[in-house]
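Below is one structure, written out as structure tokens; the observations come after it.
The values are calculated or read from the model by the stated rules, or taken from the named source; none is laboratory data. Bear in mind that the values here come from a model prediction, so they are computed numbers and not experimental data. Positions of Cβ are backbone-derived with ideal geometry, glycine not excepted, and every protein chain shown enters the neighbour counts. When the accessible area is computed, the model is the full protein with side chains, heavy atoms only, and any ligands, DNA or RNA have been set aside. Shrake-Rupley method; radii C 1.70, N 1.55, O 1.52, S 1.80 Å.
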Amino acid sequence: MASTFFGIHIAYSGLTAQRRAMDVVGYNIAHANDPTYKRQRLVMSEIAVLAQSQEANVLNNSPFGAGVSPQSIERIRDAIVENRVRMASQAAANWEYRARIMRQLESLIGEPSDNGLQATLDQFWASWQKVAVTPESMPIRKALIEDAEALCQQIKYVYSQLISVIDELNMTAVDRVNRINAIVQEIGKLNSEIGSRTAGEVQSNDLLNRRDALVTELSKLAAISQHGETRDEFVVSIGGRVLVQGTKINLLTTEMDANGNLAIRWASDKEEVINSGGELRAIIDLRDTVVSDYLAKLDGVASTIAENVNALHRTGTTLTGQPAGNFFTEVATASTISLNPAIKNHPELIAASATGAVGDGELARQISLLKDAPISNGQTINQLYRSLVGDIGTAASVADRQVLTYRLSLEQFITQQQSISGVSLDEEMINMIKFQQAYNASARVLTVMDEMLDVIIERTGVVGR
């Protein structure tokens, strides 16, 4: 038979459970503006059967609960949606970094512009045309020398800017690797703390939220996969290799490769890290493929100018009647192209004529026509450079479009995630009223039970006196 005080115990359990539920509501509201927070709810369950109701039925075998018990505090989340957020974050971060570097390259090239390499190249061809018209004019020859030197300096400047981008990418790779290592170490510590706490506690859930935020940040840096929830089952990997498993971690490092670039490797055995996404993938692709290809094309422009101008210039005759040599140095790349030192202070050594006849500027005219002469794969020298500028512009435009696409996708998944895990103040207000009413009702039950006990204690045996 149930105890006389059994009803008080049930009412008291209701008070305790509703007060705890109200605590959770308050905690949710306090974190309403925290994007990494996942709302929580109190899981309640019936207390194990302690008594049999004697009034339930004639068989006297109806189980009667002993009240309600607040079991644990549950995080509201959807693992599938969170994985989609991580995947979208990875792609968006990759293209956002690419777009930023491509816009930087566009700015460094500075085309179209009155001060860009294209304008300097046009001025160089125009100077040869002037020499062709007045081949004996020393001021015009000196102007050609100045324009040639300006062209060499402009090409070297563009080359140095591209090299500076590669240097920046290398430094950024080191920074991102250091950040990955810091995140991995923090996740390992969090897993240790999570394992030492009781599952379902507020403190444990806060640690899980922090770990989820770190995993999301990690997904922006590299293509990761994450499985498991508990300390020992929690695994984060890159390229099929474990980065974090429980409290065990593997760190990354950077080492100089044969090309003078920083390769990303595993610190334990120096094996190269296989990574297919995130900012690190963008950094490696830009450094080893995109910018390197632009450097190769700029080298092609410089060498094509030097080789073709030199080939014609060597067939000419100087004003002194001597066979002309090279106009530019023999071996010319974007980083080394220079005017022949012998010509620099001696404009009379410029060959404007193939015969040396007075007033003959035919050779200078032929050199000026190199501007529009198909030389490399049917392209002119100017077209070779415009092709480089066009490639940069096209790549920047593609990156900007991809950023918009993946950012929109990411925003949609984040909205979906927040609809599940985010705090809704309207919903919390409804829960607040619900738990408040339940608390008041439990208090009322307790009051009535107290009054009933008062009758038993104070009035038993005195009825009718």
- Message: Give me the one-decimal nm value for the distance between modelled label points at ASP426 and ASP78, 7 Å along each residue's Cα-to-Cβ direction.
- Response: 1.8
- Note on the structure: Order by accessible surface, 1.4 Å probe, largest leading, for residues LYS142, LYS371, LYS270 comes to LYS142, LYS270, LYS371
- Using 0.36 nm per residue, how much length does the chain from ALA119 to ARG241 gain when fully extended, once their Cα-Cα distance is taken away? 38.8 nm
- Query: After finding the eigenvalues of the alpha carbon gyration tensor for region 145-211, what semi-axes result from the square roots of 5 times each, listed largest first in whole Å?
  - Reply: 55, 9, 4
- Once label points are set 7 Å from the Cα along Cα→Cβ at both ILE274 and LEU453, what is their separation, rounded to one decimal in nm? 6.9
- Measure nothing but the geometry: give the 0 to 90° angle between the long axis through the Cα atoms of 79-109 and the longest principal axis through the Cα atoms of the chain, rounded to 10°. 20
- Message: Tell me the accessible surface of SER196 in square angstrom (1.4 angstrom probe, heavy atoms of protein chains only), to the nearest ten.
- Response: 90
- Take MET171, project a point 7 Å from its Cα along the Cβ direction, then tell me which residues of region 65-101 have their backbone nitrogen under 20 Å from it. 97-101
- Note on the structure: Per residue, accessible area of region 364-409 with a 1.4 Å probe, heavy atoms of protein chains only, in Å², comes to 51
- Along region 205-218, what does the Karplus equation 6.51 cos²θ - 1.76 cosθ + 1.60 (θ = phi - 60°) give for ³J(HN,Hα), rounded to whole Hz, x for Gly and Pro? 5, 4, 5, 5, 4, 5, 5, 4, 5, 5, 5, 5, 5, 5
- Message: Taking R0 as 25 Å, what FRET efficiency do you get between ASP391 and SER164 from their Cβ-Cβ distance, rounded to the nearest 0.05?
- Response: 0.85
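Could you compute the FRET efficiency for ARG103 and ASN259, with r as their C-beta to C-beta distance and R0 at 25 Å, rounded to 0.05?
Working: r = 26 Å, r/R0 = 1.02.
Efficiency, rounded to the nearest 0.05: 0.45.
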- Message: Can you give me the long-range amide H partners of SER72? Hydrogens built in the peptide plane at 1.01 Å from N, cutoff under 5 Å, separation of 5 or more residues or another chain.
- Response: VAL43
- In square angstrom, what is the accessible area per residue of region 92-205 with a 1.4 angstrom probe? 44
- With all protein chains present and a 1.4 Å probe, the order of ARG86, ARG19 from largest accessible area down is ARG19, ARG86
- Task: On a 0 to 90° scale, report how tilted helix 117-133 is relative to the longest principal axis of the chain, with both axes built from alpha carbons and the result rounded to the nearest 10.
- Result: 10
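At a 10 angstrom cut-off on C-beta neighbours, averaged per residue, how do the peptides 344-351, 243-250 rank from highest to lowest?
My ranking of the peptides, most packed first, is 243-250, 344-351.
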- Could you tell me how many degrees, from 0 to 90 and to the nearest 10, lie between the Cα long axis of helix 291-313 and the main elongation axis, the longest principal axis, of the Cα atoms of the chain? 0
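Arrange the residues ASP212, ASP299 by how much accessible surface each exposes, largest first, with a 1.4 angstrom probe.
ASP299, ASP212
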- Message: List the pairs from LYS38/LYS220; LYS220/LYS297; LYS130/LYS156; LYS142/LYS297; LYS38/LYS270 whose alpha-carbon separation is above 28 Å, in the order I gave them.
- Response: LYS220/LYS297; LYS142/LYS297; LYS38/LYS270
